[in-house]
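The values are calculated or read from the model by the stated rules, or taken from the named source; none is laboratory data. The model shown is predicted, which means the values in this text are computed figures rather than measured ones. Methodologically, a virtual Cβ is constructed for each residue, glycine included, from the backbone with ideal geometry; neighbour enumeration extends over all protein chains shown. Heads up: the accessible areas ignore ligands, DNA and RNA and are worked out on the full protein's heavy atoms, side chains in. Shrake-Rupley method; radii C 1.70, N 1.55, O 1.52, S 1.80 Å.
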Amino acid sequence: MDELPDHLVWDIVRNLHKTNDRNSLSLSCKRFYSLDKEQRHSLRIGCGLVPAPPDALLSLCRRFPNLSKVEIVYSGWMSKLGKQLDDQGLLLLSTNCHSLDDLTLSYCTFITDVGIRHLSSCTKLSSLKLNFAPRITGCGVLSLAVGCKKLERFHLIRCLNVASVEWLEYFGKLEVLEELCIKNCRGVGEGDLVKLGTSWRKLRSLQFEVDANYRNMKVYDQLAAEHCRKQLVPCDNLVELRLVNCVVAPGRGLASVLRKCKNLEKLHLDMCIGVSDSDIKALVEKAKHLRSISLRVPSDFTLPLLNNATLRLTDECLSAIAQHCSNLESFKVSFSDGEFPSLFSFTLHGIITLIQKCPIRELSLDHVCSFNDVGMAALCSAQNLEILELVHCQEVSDEGLVLVSQFPSLTVLKLSKCLGVTDDGLRALAKTRKLELLVVEDCPQVSRKGVNGAATSVSFRQDLSWMY
């Protein structure tokens, strides 16, 4: 090994990505050990670290002085698995990892604002993900924002005690954030996002999810407050927008965001109350680069508020998408409640129009009661369709399923909880050998024997508990 040229040794080390492989290599000879010491840039630690933190962490930091990415994950932790990393451990990390620029803290329940303040000395930190850190408050996040002025990616997930939002305002003044993810932080609402101010210009990805169980009863009052001041939000560089359980009040807040994202490529709206046809129309008229749209729509009986026709999505928005989104490759629609399907939202005609006018490669329909065998026949003209997923589409029968063999480009078919399809419909697919992958889950009239030979690769599962 000592005689190997340096460039070959570097190539060997560079192509080993698994931690176990690199550990084995470093133990094979002194040369590889010292190379691994210099080359190891990422580290993932969690339950069962021996000796207990912070001693083990200090030892690792000294062994690998060039660490730039560290993940600390305590998912599934119990007291018998040893101690967790605490504030003292974060102090050691911040003082010994001088190249740290990417840090993930997940299920670190012993960390408080004191530990987060230690991270403010990590001046190179550009990415931080905090997942379920219940002892952290808004004060700790603010100290982080003040110290880490190069932070470009920030994820705050299930940090239930983060109530104050001064840190959002501070990030807004810095104008460095490019990716922001806030999920299920009960003290942070949609209206607080406006505090980002001019930092919206820099933002490229926004994921915002509200805890629906905690805040659902506030919906009605917020939507009724039409007198609230309209916010003007500059967000020309936003490429990805994902909103879950959010209130989109007409003409302000997130509605303003939807109308100004001219460079948006990916849109995901999941149970967002108040999104209207006019919001989607205004978006697609500007966002000419949209490649992916995913909509999970409340059913007619999910909230009485949606009986207001102006606050529901209809074929009008599908028509606008079909007209303006010439680059749309992925389209997913799901309705929230199968027992009370939406009768006044998307019709079969609206869905077919979109499919025929956009170069859709991936189509997913979940609880779309209007989609039937006629819709399957329409897909025969979808030249670009490669992936089709049908979930709870009970109007699709064997008659529609046999048409899959006529889809020009389809290679992947996924069927889940579809009552109308049987083994007979899959036999035609077995003859054509067209599909590369067939996934059948929880369809009561399809057997394991029926899927055999229907595709190059087949996945079958049957759990019928959903029917009872």
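Some notes on this structure:
- All conditions but one from (1) outside any loop (DSSP other than H, G, I, E, B); (2) open to solvent by less than 10 Å² (accessible area, probe 1.4 Å); (3) in contact with a Gly (Cβ under 9 Å, 6 or more places away or on another chain) apply to LEU130; the one that does not is (3).
- Qualifying residue in the range 176-188 (condition: touching a residue at least 24 places away in the same chain (Cβ under 8 Å) and over 25 Å from the mean Cα position of the chain (by Cα)): no
- Against the test of being in contact (Cβ under 8 Å) with a residue 12 or more places away in the chain and under 26 Å from ARG296 (Cβ atoms), the options ASP423, ASP398, ASP463 yield a single qualifying residue, ASP463.
- Tabulated pairs, the range 2-23, first of a type in the set (Lys, Arg), second part of a helix (DSSP H, G or I), C-beta under 7 angstrom, 6+ apart or interchain: ARG22/ASP36
- For the range 384-408, residues that are at pLDDT 95 or above, surrounded by fewer than 18 Cβ atoms within 10 Å (Cβ to Cβ) and among the polar types (S, T, N, Q) total 1.
- Unique match (being at pLDDT 95 or above, touching a Cys at 6+ places or on another chain (Cβ under 6 Å) and not polar (S, T, N, Q)) among LEU125, LEU105: LEU125
- Unmet criterion (only one of (1) open to solvent by 40 Å² or more (accessible area, probe 1.4 Å); (2) closer than 19 Å to CYS61 by Cβ) for LEU142: (2)
- Annotation: of all residues in the range 412-440 being in a loop (DSSP other than H, G, I, E, B) and open to solvent by 30 Å² or more (accessible area, probe 1.4 Å), the one that is modelled with the lowest pLDDT is ARG433.
- Of everything in the range 361-383 that is assigned to a helix (DSSP H, G or I) and open to solvent by 10 Å² or more (accessible area, probe 1.4 Å), the residue that is farthest from LEU415 (Cα to Cα) is SER381.
- Breaking point among (1) more than 20 Å from the chain's Cα centre (by Cα); (2) more than 23 Å from SER75 (Cβ to Cβ); (3) open to solvent by 10 Å² or more (accessible area, probe 1.4 Å); (4) of a type outside the set (Asp, Glu), for ASN161: (2)
- Every pair of residues 6+ apart whose Cβ atoms lie under 8 Å, when the first sits in the range 239-251 and is charged (D, E, K, R) while the second is in a loop (DSSP other than H, G, I, E, B): GLU240/ARG204; GLU240/LEU264; GLU240/GLU265
- Of residues in the range 26-79 being among the polar types (S, T, N, Q) and assigned to a loop (DSSP other than H, G, I, E, B), the one nearest to PHE110 (Cα to Cα): SER75
- Looking only at residues in the range 163-212 that are charged (D, E, K, R) and in contact with a helix residue (DSSP H, G or I) (Cβ under 8 Å, 6 or more places away or on another chain), the one that is nearest to ASN131 (Cα to Cα) is ARG186.
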